[in-house]
Amino acid sequence: MMKFENFFQNAYVTRDLDEAVAIFREQHDVQAWVFLEPDMTVRTARGEGPAHVRVAMGWVGNYMVEVIQPISGLIHHYLDFLPADHTPRFHHIAMRTFDWEKTRAEIDRLKLPVAYEGSVPGCNFIYIDALQTLGHYVEYVWAEQEMWKAIGGPG
């Protein structure tokens, strides 16, 4: 069983990142944001290939709100959640892991359904498909301390 240890994030998808961030700023007082636009190679049930997204990470203490605007490539797992307008739609929760090899081995041992997996320099991530049991994905994230600080992470 994978535990909800080190929970730190709720993530949302949107058609318009700037408008969604404005909603979080104005209506939910999430003010501190870090923006990224990574080009990644990812692995999904549909194969391996590029994925391009725009991402905003807003911090409130130890809690992150992540907003993702899918752009191109292997992004189908985001597209299914998008609302018709620019409002943010809940997509997944995330747990921070400090031992990537152990986490990845546990996922394999438990034969958990992997929906999406990839990395950017200094960070690995994997989405477990919990749609049938929870209605959303569960992400596990490993980040080097320098990357964690660069994205605004506490401590």
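The values are calculated or read from the model by the stated rules, or taken from the named source; none is laboratory data. Nothing here was measured: the structure is a model prediction, and the numbers come from that model. Cβ: placed from backbone, ideal geometry, glycine included. Neighbour counts: every protein chain shown.
Observations, loosely collected:
- Failed criterion for Val65 (all others in (1) under 24 Å from Pro113 (Cβ atoms); (2) modelled with pLDDT of 95 or more; (3) under 14 Å from the mean Cα position of the chain (by Cα) hold): (1)
- Summed over the stretch 104-155, the residues that are over 18 Å from Ile68 (Cβ atoms), polar (S, T, N, Q) and surrounded by 12 or more Cβ atoms within 10 Å (Cβ to Cβ) give a count of 0.
- Residue list for the stretch 8-43, filter: surrounded by 15 or more Cβ atoms within 10 Å (Cβ to Cβ), closer than 15 Å to Tyr127 by Cα and either over 14 Å from the mean Cα position of the chain (by Cα) or of a type in the set (Phe, Trp, Tyr) (or both): Phe8, Tyr12, Arg43
- Matching residues in the stretch 79-119 - criterion: being assigned to a helix (DSSP H, G or I) and either closer than 17 Å to Asp129 by Cβ or in contact (Cβ under 8 Å) with a residue 24 or more places away in the chain (or both): Leu79, Trp100, Thr103, Arg104, Glu106, Ile107, Asp108, Arg109
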